[in-house]
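Each remark here refers to the structure printed beneath this line.
The values are calculated or read from the model by the stated rules, or taken from the named source; none is laboratory data. Computed from a prediction, not measured in an experiment: that's the story for all the values here. Glycine also receives a Cβ, built like all others from the backbone with ideal geometry; neighbour counts cover every protein chain displayed. Heavy atoms of the whole protein, side chains included, go into the accessibility calculation; ligands, DNA and RNA do not. Shrake-Rupley method; radii C 1.70, N 1.55, O 1.52, S 1.80 Å.
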Amino acid sequence: MRKRRTIKHEFVTTLPHPLRDGVLYISIPYDTCIHKCFCGCGAKVVTPLGPDYWAITYDGETVSLWPSVGSRSLACRSHYIVRGSRILWRRPF
């Protein structure tokens with residue numbers, strides 16, 4: 001597996017199938033983001049958006065997702081922050 005350092009983003013109305021590697025799909029109508037784990041394991045990661053969940057920031061070019069994404073339930077146990085379309089890796093869970 002090769003960990004990503006940067007990502008692309010796409011604003012979508014419906015979630016695409018299949019998901020492409022390295023793309024954070026953002027659905028404002030469904031208040032959710034989805035992507036394949038950025039560690040390269042291929043697992044689907046869903047982050048609901050809202051005051052009690054995650055927040056997405058778009059500056060016209062890049063995206064940030066807060067708080068960190070922690071894949072505790074996945075075998076890879078990845079943990080990362082998306083800031084300015086870059087992946088900031090943290091210790092695995």
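Remarks
- Boolean, Ser73 is farther than 19 Å from Asp31 by Cα, open to solvent by 10 Å² or more (accessible area, probe 1.4 Å) and polar (S, T, N, Q): yes
- Residues in the range 6-23 that are touching a residue at least 40 places away in the same chain (Cβ under 8 Å) and assigned to a loop (DSSP other than H, G, I, E, B): Ile7 alone.
- Within the range 76-93, if we keep just the residues that are outside any loop (DSSP other than H, G, I, E, B) and either closer than 20 Å to Thr14 by Cα or touching a residue at least 60 places away in the same chain (Cβ under 8 Å) (or both), the residue that is most open to solvent (accessible area, probe 1.4 Å) turns out to be Arg86.
- Some residue of the range 59-67 being at negative phi and at pLDDT below 95: no
- Within the range 24-49, the residues that satisfy the criterion of being surrounded by fewer than 16 Cβ atoms within 10 Å (Cβ to Cβ) and either without any contact (Cβ under 8 Å) to a residue 24 or more places away in the chain or in a strand (DSSP E or B) (or both) are Ile28, Pro29, Tyr30, Asp31, Gly42, Lys44, Val46, Pro48.
- Only residues that are open to solvent by 50 Å² or more (accessible area, probe 1.4 Å) and assigned to a loop (DSSP other than H, G, I, E, B) were counted in the range 50-66, giving 5.
- Which listed residue, of Thr57, Thr62, is touching a Phe, Trp or Tyr at 6+ places or on another chain (Cβ under 9 Å), free of Cβ contacts under 8 Å to residues at least 60 places away in the same chain and either among the β-branched types (Val, Ile, Thr) or farther than 21 Å from Pro92 by Cα (or both): Thr57
- Verdict on Ser73 being among the small types (Gly, Ala, Ser) and touching a residue at least 60 places away in the same chain (Cβ under 8 Å): no
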